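What follows is a single structure, written as C-alpha cells, with notes after it.
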C-alpha cells in the first residue's frame, strides 16, 4: 500500500517496510497521531481509554455499565414485538378460527378429519406467502427509511416515532374484516419493525464496552425467541376460543408493549457515538455519565470521549466522511458490507425458515392443533436455553468459529429431519450458533460512521432472501401445493454448503477488538484469518509496559 505522507494510505503504510511483529496499540495510535490532522491532542487519552477497555473483565464491565445494560435491554425489547407478530402469523395458519375467517373451504376428501369442519378451511399457500412477505416488504421500507432518518434525528427520537406509528397500524390489524385488509396492516406494521431491527443492534453496539458487547448483541436474538415463544403461548391459550377475538386479541396485546416501551425510551440516553458524529462532545459526555456507574473505580468519561472522537476523526480521514448508502459500496467498506449482508443472509439460507413453520409442519405431519402448538412451544423453550449456552461458548470459541460450527452442524439435522422430523435439533443448533452470533458480527464489522446504513443494507438483503424462502416454504409444506414435507430440507442443504464455504474464506474474527482496530485491519485489507492474529499479538506484546518512545519504534507486519 502506498501513499504520500499525510494521505489516508500513508496512515496504513507507516513502517510497513519492516518485518517486525505486529505489536499492540502503538500501531494504531502512533502512526495516526503523526498523519491525521487534529488528533494529536486526543492520542494519549484515547490510548488510555482503549487500553482500559481491552483490560476490562466481564465482571468489572457489568459493574461499570449497569445502566447501559438496562437501557440496551429496553430498546432491544422492541424485537420481542417483531418476533411475537411473526410467530402469530405462522401459528395462525394452524388456528381453526383464523382459518375459518380468512381461509378457503376445501373439499372434504382433502381434510385430515372430516368430522371437524374447522379442519376443512385452509389459508392458501399464496396468501400465506403474501402475508409473510407483505410484512417483509414493509420491513424493507422501514429499514431504508431508518437509514436516512436515524443518522439525522438520532436513535431515541426515531424509535419513539416508530413506536407511535406501530400503535396506529396495529389498530388496522386488530379490526381487519378480510384477509386483504390484514395484508395491508402487515405491510404497514412492517415499516416500524424495520426501524426496530437496526436501531436495537446499533444502540447495543454503541453503548456497550467490548467485554459486554457480544452478550448483549446476542441478547437481541434471544428477544426474537422470547417474542416467538410468547406468541405461541398466547395462541395456545386461545385455541379453543371460537369468537373472532381468538385471533384479534393476540394482535391487540401489542399495544401493551408499545405503551411500556415508549415510556421507557422517552427517558433513555442517546447513543454517545451518534452524538460524537454530530460533534456534540459535551452531550456525549453527559450520555456516558448516564450509561455508567459513578464512585470509586468509575469510568474515565473524558478519556472515553477522546477515544470516540479519535475513532470518528480517523474514519472521516480514511474516507468514511460522507454518511451515505453509496459509501457502503466503496473502497474497504464494500468488503464490510459484503460480510454484513452474507452473515445475515446465511440465517435464511441455512433452513431456519422451516423452524418458523414448526406448528404448521407438525399439523401437516398429523398432529392435532393442540399437539402441534405444544411441540412448537417446547421448541422455542429449547431455543432460549440454546441462546444462553452461546453466551458461555463465546469467550472460548469466538464469533467466526462458532458461526462456522453452526453452519456445519445445520447440515446434519437437516438430513435427519427427513427421517425423523428433527426440526427441534435444527432449531437448537441455530439458536446456539448462527442466530446469536449474527447480531455480534453485523454490529462490529461496519465502521462506526456507516454502522446504521451498513446494518440496514445487510438487513434488506436478509429480508429479500426471506421473501424468497417464505414464498417457497409454504408451498413445500402445504398439502394443496408441492407437499414435499420432510424432503423440503434438501434445498437448504445445498444453500448451507455454499454459505459454509463463504464463511470459511471471508468471515473474519472481530472478538476482543476495538472499533478503531477493526478499522485499521480492514484498511490494511487483512485476510479473515489475520483478525484473530492481531488479538493474540496484542495479548503477547507487553505493550502496556513499554515507554512511549519505544512505542514509536514498533511497526506493522505486512499482512
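The values are calculated or read from the model by the stated rules, or taken from the named source; none is laboratory data. On a predicted model such as this, the values are computed, not experimentally measured, just so you know. FYI the Cβ positions are ideal-geometry reconstructions off the backbone, even for glycines, and counts take in every protein chain you see.
Observations on the model:
- Criterion violated by residue 316 - all others in (1) out of contact with any helix residue (DSSP H, G or I) (no Cβ under 9 Å at 6 or more places or on another chain); (2) closer than 30 Å to residue 389 by Cα satisfied: (2)
- Being farther than 28 Å from residue 456 by Cβ, touching a residue at least 24 places away in the same chain (Cβ under 8 Å) and out of contact with any strand residue (DSSP E or B) (no Cβ under 6 Å at 6 or more places or on another chain) holds for only one residue in 198, 241, and it is 241.
- When 488, 410 are checked against the criterion of being surrounded by 24 or more Cβ atoms within 10 Å (Cβ to Cβ), over 27 Å from residue 207 (Cβ atoms), modelled with pLDDT under 70 and touching a helix residue (DSSP H, G or I) at 6+ places or on another chain (Cβ under 8 Å), a single residue qualifies: 410.
- The condition of being part of a loop (DSSP other than H, G, I, E, B) and buried (at least 21 other Cβ atoms within 10 Å of the Cβ) holds for only one of 275, 310, 318, 299, that being 299.
- A single member of 161, 176, 211 is in contact with a helix residue (DSSP H, G or I) (Cβ under 7 Å, 6 or more places away or on another chain), more than 22 Å from residue 449 (Cβ to Cβ) and free of Cβ contacts under 8 Å to residues at least 60 places away in the same chain, and it is 176.
- Residue check for residue 10: assigned to a helix (DSSP H, G or I), modelled with pLDDT under 60, touching a helix residue (DSSP H, G or I) at 6+ places or on another chain (Cβ under 6 Å) and surrounded by fewer than 20 Cβ atoms within 10 Å (Cβ to Cβ): yes
- Subset of region 432-450 [buried (at least 24 other Cβ atoms within 10 Å of the Cβ) and either in a loop (DSSP other than H, G, I, E, B) or touching a strand residue (DSSP E or B) at 6+ places or on another chain (Cβ under 9 Å) (or both)]: 433, 445, 446, 447, 449, 450
- Within this structure, residue 133 passes the test of being in contact (Cβ under 8 Å) with a residue 40 or more places away in the chain, in contact with a helix residue (DSSP H, G or I) (Cβ under 7 Å, 6 or more places away or on another chain) and either on the phi > 0 side of the Ramachandran plot or surrounded by fewer than 24 Cβ atoms within 10 Å (Cβ to Cβ) (or both).
- Candidates 467, 429 - the one that is over 30 Å from residue 210 (Cα atoms) and either outside any loop (DSSP other than H, G, I, E, B) or at pLDDT 85 or above (or both): 467
- Complete set of residues in region 216-233 that are surrounded by fewer than 21 Cβ atoms within 10 Å (Cβ to Cβ) and either outside any helix (DSSP H, G or I) or at pLDDT below 90 (or both): 233
- Here residue 259 passes the criteria (1) touching a helix residue (DSSP H, G or I) at 6+ places or on another chain (Cβ under 7 Å); (2) modelled with pLDDT of 95 or more except the one numbered (1).
- Tally of residues being over 17 Å from residue 312 (Cβ atoms) and assigned to a helix (DSSP H, G or I) across region 45-66: 13
- Region 383-397, residues that are at pLDDT below 85 and either more than 14 Å from residue 216 (Cα to Cα) or outside any helix (DSSP H, G or I) (or both): 396, 397
- Candidate set: region 498-529, residues that are out of contact with any helix residue (DSSP H, G or I) (no Cβ under 7 Å at 6 or more places or on another chain) and part of a helix (DSSP H, G or I); chosen: the one surrounded by the fewest Cβ atoms within 10 Å (Cβ to Cβ): 505
- Residue among 139, 170 that alone is part of a helix (DSSP H, G or I), in contact (Cβ under 8 Å) with a residue 12 or more places away in the chain and more than 19 Å from the chain's Cα centre (by Cα): 170
- Residue in region 331-353 that is closer than 30 Å to residue 171 by Cβ, part of a helix (DSSP H, G or I), touching a helix residue (DSSP H, G or I) at 6+ places or on another chain (Cβ under 8 Å) and in contact (Cβ under 8 Å) with a residue 40 or more places away in the chain present: yes
- Within region 278-287, the set of residues being surrounded by fewer than 22 Cβ atoms within 10 Å (Cβ to Cβ) and either in a helix (DSSP H, G or I) or at pLDDT below 90 (or both) comprises 281, 282, 283, 285, 286.
- One residue from 285, 294, 277, 290 being in contact with a helix residue (DSSP H, G or I) (Cβ under 8 Å, 6 or more places away or on another chain) and without any contact (Cβ under 8 Å) to a residue 40 or more places away in the chain: 285
- Search result, residues across region 235-256 that are part of a helix (DSSP H, G or I), touching a helix residue (DSSP H, G or I) at 6+ places or on another chain (Cβ under 9 Å) and at pLDDT below 90: 235, 236, 238, 245, 246, 247
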